[in-house]
Amino acid sequence: MFLLVPCLGGALPALAQDAGRIIDQSVKASGGSGKLSKLQTLSLEGSLTRASDGKTGTFTLDSKAPNRYYMELIAAGQPEILAYNGKSAWRLSANGEAVTLLDQDALQLEAASTLAASHLLGLKKSKIGAAYIGPANVSSRDAVEIELTMATGVKRQLYFDVSSHLLLKESGALGGVQQETIYDDYRPENGIQVARRLEFHRGNETYNIVINRVAANQTIGERVFDFPRKSQVQLPDLKKLFAEIDANQKATDKIKENYTGRRATEETEFDGSGKVAKVQREEFTFFYLDGEEISTLVGKDGKPLSETEQAKRNEQTRKRIEEVQKKQTKKDEKEEKAREQGKQEKEDKDEPGIEVFLRACQFVNPRHERFRGQDVLWPSASCNS
């Protein structure tokens, strides 16, 4: 039960009761308080399209309990980052300038980080008030609006689907700019419902975002949320660096061949009202051969395949193994022939190696950038066609 003001005796106001009930329904629909309380980190990665000019880019959102937040938009190579590390808030604008946020701008980012990491649990303990505003409409869907008020006075508006009880829209100022996110295409990830399509409005810009990677409870280092390091960038020996990367990747591929595994997938379809219409589950065995994954379907909807179906799948796997082996044999023969002739092997046109890339490109103007929360070296490349 969440209140904007203390109750001075008597029964709790009906609207406050409605707000608490609506939030409880959303928590249950999202996976339940038990699972959400164990969700310590959540990382979303995807692609975006900027509506104003059609430019494409990437989207990253990392949250970590109790109050860490990192949001990154990169469109046409221009990044915009908003982050909070538990103590201070900062922003990186499209011109590449990183600044610390102060006063109300910082409080807005602190509020966003707290709410993102809380998953709407323990609002009263965090001194967050909840008020029922009334019915609303979001993308032609019936919804109800709840307004949350932080102890600092920062307000956020949440809109919940009246049928599925999932969050449809969130709005409020962030870093001094009005921001609105519309959520769609919810799918389960480790038992938690996660929206895979976002319509993101920030200021005068609109971004259509498709989430293609969700990671729950994976390690996110504190460095991700910290202010970017400022230092003089010295260009390393890129040819040596890339050769080490190439060798490391090949060694990793070989190590993977020592392991086999089982993988389960789940695909959920929803009807127009947001209710589950169909759930399809599949189970595979897999291993790696010459750096490529070989997988075999072994079960559907919790049951093993019939003998006939399994034999069919095994035959497909056998043919796939032969295909990979023939490809590797052909590659080995080419390499041996090249060595005999004293020439360096040229990679297949569809698989240019790092050395080909290095010979064709010149790297200039190296600089430190942030990408998906990591400090990276980002040189400009001028390549010959």
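The values are calculated or read from the model by the stated rules, or taken from the named source; none is laboratory data. Keep in mind the model is a prediction, meaning the values are calculated, not measured. We place every Cβ from the backbone using ideal geometry, glycine too, and count neighbours over all the protein chains shown.
Of the set (1) farther than 30 Å from Leu198 by Cα; (2) surrounded by 11 or more Cβ atoms within 10 Å (Cβ to Cβ), all apply to Lys303 but (2).
Considered as a group, the residues in segment 190-203 that are outside any strand (DSSP E or B) and touching a residue at least 60 places away in the same chain (Cβ under 8 Å) include one that is nearest to Phe160 (Cα to Cα), and that residue is Gly191. Could you please let me know if Tyr70 is in contact (Cβ under 8 Å) with a residue 24 or more places away in the chain, assigned by TED's automatic domain parsing to the domain that holds Gln25, of a type in the set (Phe, Trp, Tyr) and crowded, with 19+ Cβ neighbours inside 10 Å? Criteria met by Tyr70.
Can you name every residue in segment 255-282 that is under 16 Å from Ile294 (Cα atoms), of a type in the set (Lys, Arg) and under 23 Å from the mean Cα position of the chain (by Cα)? Correct list: Arg263 only. Every listed requirement among (1) among the hydroxyl-bearing types (Ser, Thr, Tyr); (2) touching a residue at least 60 places away in the same chain (Cβ under 8 Å); (3) more than 18 Å from Glu199 (Cβ to Cβ) is met by Ser52 save one, (3).
Every condition in (1) closer than 30 Å to Ser93 by Cβ; (2) of a type in the set (A, V, I, L, M); (3) at pLDDT 60 or above is met by Val364 except one, and the failing one is (3).
Checking Val210, Val214, Val233, Val276 one by one, the residue that is loosely packed, with under 15 Cβ neighbours inside 10 Å and modelled with pLDDT of 95 or more is Val210 and no other. Contact map, segment 133-155: first residue without any contact (Cβ under 8 Å) to a residue 24 or more places away in the chain, second residue part of a loop (DSSP other than H, G, I, E, B), Cβ cut-off under 7 Å, separation 6 or more or different chains; pairs are Asp142/Val162.
Here Glu244 meets the list (1) without any contact (Cβ under 8 Å) to a residue 60 or more places away in the chain; (2) surrounded by 14 or more Cβ atoms within 10 Å (Cβ to Cβ) almost entirely, failing just condition (2). For Glu97, the criteria (1) in contact (Cβ under 8 Å) with a residue 12 or more places away in the chain; (2) out of contact with any Pro (no Cβ under 7 Å at 6 or more places or on another chain) hold in every case but one, which is (1).
A quick yes/no check of all residues on (1) of a type outside the set (Gly, Ala, Ser); (2) modelled with pLDDT of 90 or more; (3) assigned to a strand (DSSP E or B):
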site	(1), (2), (3)
Lys254	yes, no, no
Gly272	no, no, no
Glu283	yes, yes, yes
Phe286	yes, yes, yes
Thr296	yes, yes, yes
Gln316	yes, yes, no
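State whether one or more residues within segment 262-271 are touching an Asp or Glu at 6+ places or on another chain (Cβ under 7 Å), within 28 Å of Asp185 (Cα to Cα) and among the aliphatic types (A, V, I, L, M). Checked segment 262-271: at least one residue is touching an Asp or Glu at 6+ places or on another chain (Cβ under 7 Å), within 28 Å of Asp185 (Cα to Cα) and among the aliphatic types (A, V, I, L, M).
Residue-by-condition table, conditions (1) farther than 15 Å from Arg202 by Cα; (2) among the hydrophobic types (A, V, I, L, M, F, W, C); (3) in contact with a strand residue (DSSP E or B) (Cβ under 6 Å, 6 or more places away or on another chain):
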| position | (1), (2), (3) |
| --- | --- |
| Gly57 | yes, no, yes |
| Ser63 | yes, no, yes |
| Arg68 | yes, no, no |
| Ala76 | yes, yes, no |
| Leu82 | no, yes, yes |
| Gln104 | yes, no, no |
| Leu109 | no, yes, yes |
| Thr114 | yes, no, no |
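Does any residue of segment 161-171 turn out to be more than 16 Å from Ile23 (Cβ to Cβ) and of a type in the set (D, E, K, R)? There is no residue in segment 161-171 that is more than 16 Å from Ile23 (Cβ to Cβ) and of a type in the set (D, E, K, R). Of all residues in segment 150-170, none satisfies being at pLDDT 95 or above, assigned to a helix (DSSP H, G or I) and more than 21 Å from the chain's Cα centre (by Cα).
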